[in-house]
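Colleague: Below is one structure. I have some questions about it.
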Amino acid sequence: MTVRIRGHHLLCMLTYVGKGYSEAFTKGYDKVVQRLSSGEDMLLVAGPDDICQPLLADSDPHCFRDTVPERDRLAANAVETLIGRPIRVGERFSLDASTIKRMREAFHAGTTRQACNGCEWFDLCSTIADSGFREVRLDHRHAKA
């Protein structure tokens with residue numbers, strides 16, 4: 001199987017510790033992270049992805065706000081530049097342990113966080129990065145080599 005993921009979630013997954021918009025959202029996110037931790041590959045999509053799924057029934061899901069596609073574009077571009085391979089809508093890829101480690105280092109340094117400006121989770125993610133990514137749920141140690 002393949003995890004459908006939008007651009008900015010490539011950054012969000014680096015700091016995910018089980019906090020989110022609702023219980024359904026975090027349960028769904030936990031399942032996605034388990035799939036990624038077990039080595040499933042990803043497909044970059046435009047618009048709502050597997051992480052967004054539990055929010056789509058809301059009366060005004062933020063997944064469709066005007067700012068989100070730009071956040072997706074900025075994040076995908078930052079990750080593409082960092083890892084040196086295309087990260088574009090329709091691309092299938094996986095992230096190995098060393099790439100996730102590099103992504104977390106760049107996130108902590110702030111070099112890939114342009115997409116995070118104005119995000120309501122910015123401070124939480126900064127705290128998690130400053131803690132050395134303790135308690136994150138994406139386990140890079142078991143990612144494909």
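Colleague: Ranked by Cβ crowding within 10 angstrom, fewest neighbours first, how are H108, H8, H62 ordered?
Modeller: If I rank by nearby Cβ atoms, fewest first, I get H62, H108, H8.
Colleague: Give the long-range amide H neighbours of D96: residues separated by 5 or more places, or on another chain, with amide H under 5 Å away, using H modelled in the peptide plane at 1.01 Å from N.
Modeller: Answer set, sorted by chain and number: none.
Colleague: Rank I51, I83, I100 by mean-square fluctuation in a GNM of the chain with C-alpha springs under 10 angstrom and give only the top-ranked residue.
Modeller: I83
Colleague: Show that you can apply the helix-only estimate: for the chain, add -39,500 (n - 2.57) for every DSSP H stretch of four or more residues, divide by all residues, and state [θ] at 222 nm to the nearest 500.
Modeller: -13000 deg cm²/dmol
Colleague: What does a probe at S126 reach in the stretch 83-120, counting residues whose amide N is under 17 Å from the point 7 Å along Cα→Cβ?
Modeller: 106-120
Colleague: Further question on the same structure: Evaluate the Kirkwood expression for the hydrodynamic radius of the stretch 7-110, namely the inverse of the mean inverse distance over all pairs of different C-alpha atoms, and round to one decimal in Å.
Modeller: About 14.3 Å, per the Kirkwood formula over Cα pairs.
Colleague: Quick one: dipole size for the chain, taken about the Cα centre, charges +1 on Lys/Arg Cβ and -1 on Asp/Glu Cβ, in debye to the nearest 20.
Modeller: Rounded to the nearest 20 debye, it is 460 debye.
Colleague: Please find the FRET efficiency linking A24 to F64, where r is the Cβ-Cβ separation and R0 is fixed at 22 Å, and quote it to the nearest 0.05.
Modeller: 0.80
Colleague: Still on this structure, I have one more. Specify the inter-centroid distance of the stretch 105-122 and the stretch 57-103, based on alpha-carbon positions, in whole Å.
Modeller: Taking the Cα centre of the stretch 57-103 as reference, the centre of the stretch 105-122 is 12 Å away.
Colleague: Give a quick list of GluC sites (Glu not before Pro) in the stretch 22-79 that DSSP marks as loop, anything other than H, G, I, E or B, with at most 16 other Cβ atoms within 10 Å.
Modeller: The qualifying sites are E40.
Colleague: Tell me which trypsin sites (Lys or Arg not before Pro) from the stretch 1-61 have a DSSP coil assignment and no more than 16 other beta carbons within 10 Å of their own.
Modeller: K19
Colleague: Let me ask another. Taking the chain as a Gaussian network, Cα atoms linked when under 10 Å apart, which of A97, A57, A115 shows the biggest mean-square fluctuation?
Modeller: Of A97, A57, A115, the most mobile in the Gaussian network model is A57.
Colleague: Separate question: What is the order of S37, S22, S94, fewest Cβ neighbours within 10 Å to most?
Modeller: S22, S94, S37
Colleague: Rank G118, A57, F107 by how far each Cα sits towards the positive end of the charge dipole of the stretch 57-136 (+1 on Lys, Arg Cβ; -1 on Asp, Glu Cβ) and give me just the farthest.
Modeller: The residue sitting farthest along the positive end of the dipole is F107.
Coordinate-derived values only; no laboratory data. As the structure is a computational prediction, the values presented were derived from the model and not from experiment. Backbone-built Cβ (ideal geometry, glycine too); neighbour counts: all protein chains shown.
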